[in-house]
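Asker: One structure is given below, represented as structure tokens, and several questions about it will come after.
Throughout, read-outs are computed from the coordinates displayed, never taken from laboratory work. Bear in mind that the values here come from a model prediction, so they are computed numbers and not experimental data. Here the Cβ is made from the backbone with ideal geometry for all residues, glycine too, and neighbour counts use every protein chain on show.
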């Protein structure tokens, strides 16, 4: 379940009133200081949501359209090579059936098909990440789903804001591969066999996300299994890799960064890492 949690984050009428209304935290943060000529913005997304629970305010849209570049975790202009991704996820000398084991495979296979409508045998020679991604899609209790990063990227594209990425799909898959296969398979089996509990956990995480409190979201992840090497590879190392790229991008003008909200909070979150480098980050109401 801990892996699934990761796969899924106005007019100014007076200075006193402005301070009174300023949020203590937010999913949208202004980045300024350290010689920057223009403010840039950092937004924490949730990778998949019910469409009814997602909207883009005019304030948020204006931050995207007013930017010189739009940065996602990946360059959204370069996605779509599903064949390349599938090849990276192939297992040539192992199978899910063998890794799960004869004893547990029937129950895992039956549970997976019940949840997704897809036979697990179709994914037998793919790494567990493929099956887990399908499970994550089905943890959202609605049929009309939306991917916020895609919606933001569409706004950028429509307004001719060039798109960039903080990493490549190879970088992401390599981070996933740092987890041993037996650990990945255990997580997959546990998620399938306890799917109702996993679905409830996802609903709780979405509720925390909707409070717009990035440190509360980080605390939720920590309390529900995001520790040790898993946190290091999926969060900490990637954050440290991204911060120098974020710094460099901001020197060229205002930039809008959209990354999973789990990357923002905590001692090694992007917000604190940028503050340590001398930038001022302020939560923005939107």
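Asker: When the Cα centres of the range 209-285 and the range 50-102 are compared, how far apart do they sit, in Å?
Answerer: Here the two parts' Cα centres lie 18 Å apart.
Asker: Does a label point 7 Å from the Cα of residue 133, set along Cα-to-beta-carbon, have any residues of the range 58-97 with amide nitrogen under 17 Å, and which are they?
Answerer: 73-92, 96
Asker: While we're on this one: For the pair residue 55 and residue 196, how long in nm is the line joining their label points, each one 7 Å along Cα→Cβ?
Answerer: For the pair residue 55/residue 196, the computed spacing is 3.4 nm.
Asker: Something else about it: Highest mean first, how do 132-140, 264-272 rank when packing is the count of other Cβ atoms within 10 Å averaged over residues?
Answerer: My ranking of the peptides, most packed first, is 264-272, 132-140.
Asker: Nearest 5 is fine: what % of DSSP beta bridges in the chain come out antiparallel, could you say?
Answerer: Looking only at bridges with both residues in the chain, the antiparallel portion is about 50 percent.
Asker: I would also like to ask the following. Could you tell me the calculated FRET efficiency between residue 37 and residue 211, based on Cβ-Cβ distance and R0 = 35 angstrom, to the nearest 0.05?
Answerer: The calculated FRET efficiency here is 0.60.
Asker: Order by neighbour count: 182, 171, fewest other Cβ atoms within 10 Å first, most last.
Answerer: Fewest-to-most ranking of 182, 171: 182, 171.
Asker: Can you put 99, 245 in order of Cβ neighbours within 10 angstrom, beginning with the fewest?
Answerer: 245, 99
Asker: Using a simple spin-label model with points 7 Å from Cα along the Cα→Cβ vector, what separation in nm is obtained for residue 204 and residue 118?
Answerer: 2.8
Asker: I would also like to ask the following. By count of other Cβ within 10 Å, fewest leading, how are 212, 275 ordered?
Answerer: 275, 212
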